[in-house]
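Taking it in order: structure first as structure tokens, then the write-up.
The values are calculated or read from the model by the stated rules, or taken from the named source; none is laboratory data. Because the structure is a prediction, the values reported are computed rather than measured. Using ideal geometry, Cβ is built from the backbone for each residue, glycine included, and neighbour counts are taken over all protein chains shown.
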Amino acid sequence: MASKSKKAQFDAVKTLEEVESKFEMLQILNEEGEVVNEDAMPEISDEDLQELMRRMVYTRILDQRSISLNRQGRLGFYAPTAGQEASQIASHFALEKEDWILPGYRDVPQIIWHGLPLTKAFLFSRGHFVGNQAPEGVNVLSPQIIIGAQYIQTAGVALGLKKRGKKAVAVTYTGDGGSSQGDFYEGINFAGAYAAPAIFVVQNNQFAISTPRDKQTAGKTIAQKAVAAGIPGILVDGMDPLAVFAATAEARKRAVDGQGPSLIETLCYRYGPHTMAGDDPTRYRTSEMDTDWEKKDPLVRFRKFLEAKGLWSEEKENEVIESAKEDIKQAIKEADGTPKQKVTDFINNMFEELPYNLKEQLEIYKEKESK
């Protein structure tokens, strides 16, 4: 005779549902550029609002020109950024010069605005070692190609900042696909355990190459994964510059005040392919999806907001566009004029003191290169 089942004294499913229900999306500007959450409005001057828009427009032009240069064979690896300007540029706008950025391969715009010369960004794309040499005082690491590895590195950099008593944070970015990597969990858990001043950003642009976000995890949000690490997590409208700025500014304040790291999920969209290395987004995205997300364009939304305040105009935007084009023209010219890499460069850059076998190879290649 089957025994009667004892009534459970807990409801694990209900607990999960209650946790997930807490992660509502932060939005300040709607698609029409109207303020829908006045209480969440960050303190930001009119001049800074204009500068944020300038950087976003400039970055959109940089993306367009980079795609063109890639197709001409004048750039190497390139991951398009259009659609993610609010996520990338508004989060960076909340940082300070002393903060460290550990970017993924799509996050070149942030390190450019942090001080990396545009010429070096182009050289990085070409695989030139000079592109990985940040100027003194520019606190950035080279874009990480290994998915999610920058999360582990960021935890370490953040702990180093804490031990040195620095009032600075380490910030990193990955995509929704990167949140499925072991390094993601190890990084946020380590930083949480040591209350390290880190900001972990997941740019949920809906697809990890061709894999849709709903295939990445059973979780309703990526932000809720912060709960397991014991750190704050927030879901943000990644097409809303003000919401992204506010969330990042708050996370930075907590970090420098000794309250540890935060995880920010920015809900956004990339309009182009995953990279220019042969990806065809029409194979896994519908035109209806593209159209829907184009209505949420961060530049259009922010432009409407600023124009309503009398802070932006078509004339201002055209000035930014022409300035960006000229900067890009000069930077690619400088990149073209950079001496080509030699085998001896790689050997000399590898060690401070060469082992005997590389000393032999160095002499061999010096002779070859001299002919």
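Inspect segment 9-32 for any residue being closer than 23 Å to Glu326 by Cα and of a type in the set (Lys, Arg) and give the result as yes or no. Checking segment 9-32: not a single residue is closer than 23 Å to Glu326 by Cα and of a type in the set (Lys, Arg). Of Asp63, Asp48, all but one fail to be part of a helix (DSSP H, G or I), of a type outside the set (A, V, I, L, M, F, W, C), under 23 Å from His128 (Cβ atoms) and touching a residue at least 12 places away in the same chain (Cβ under 8 Å); the exception is Asp63. Looking only at residues in segment 211-240 that are out of contact with any Ser or Thr (no Cβ under 9 Å at 6 or more places or on another chain) and part of a helix (DSSP H, G or I), the one that is nearest to Leu52 (Cα to Cα) is Ala223.
Checked against the criterion of being in contact with a helix residue (DSSP H, G or I) (Cβ under 7 Å, 6 or more places away or on another chain), in the same structural domain as Asp63 (by TED's automatic domain parsing) and farther than 17 Å from Val57 by Cα, the candidates Ala308, Ala277, Ala324, Ala331 yield just one match: Ala331.
Summed over segment 66-86, residues that are more than 13 Å from Val108 (Cβ to Cβ), assigned to a helix (DSSP H, G or I) and not aliphatic (A, V, I, L, M) total 2. Mind checking which helices (runs of 4 or more DSSP H) fall wholly inside segment 271-359 and carry at least 2 residues that are in contact (Cβ under 8 Å) with a residue 24 or more places away in the chain and touching a Leu at 6+ places or on another chain (Cβ under 8 Å)? Of the helices (runs of 4 or more DSSP H) lying wholly inside segment 271-359, those with at least 2 residues that are in contact (Cβ under 8 Å) with a residue 24 or more places away in the chain and touching a Leu at 6+ places or on another chain (Cβ under 8 Å) span 298-308, 314-337. Can you pull out the residues in segment 209-229 that are without any contact (Cβ under 8 Å) to a residue 60 or more places away in the chain and within 16 Å of the chain's Cα centre (by Cα)? Of everything in segment 209-229, just one residue is without any contact (Cβ under 8 Å) to a residue 60 or more places away in the chain and within 16 Å of the chain's Cα centre (by Cα), namely Ile222.
From the list Ile101, Ile111, the one residue that fits, being in the same structural domain as Asn205 (by TED's automatic domain parsing), under 18 Å from Gln84 (Cβ atoms), not small (Gly, Ala, Ser) and not in a helix (DSSP H, G or I), is Ile101.
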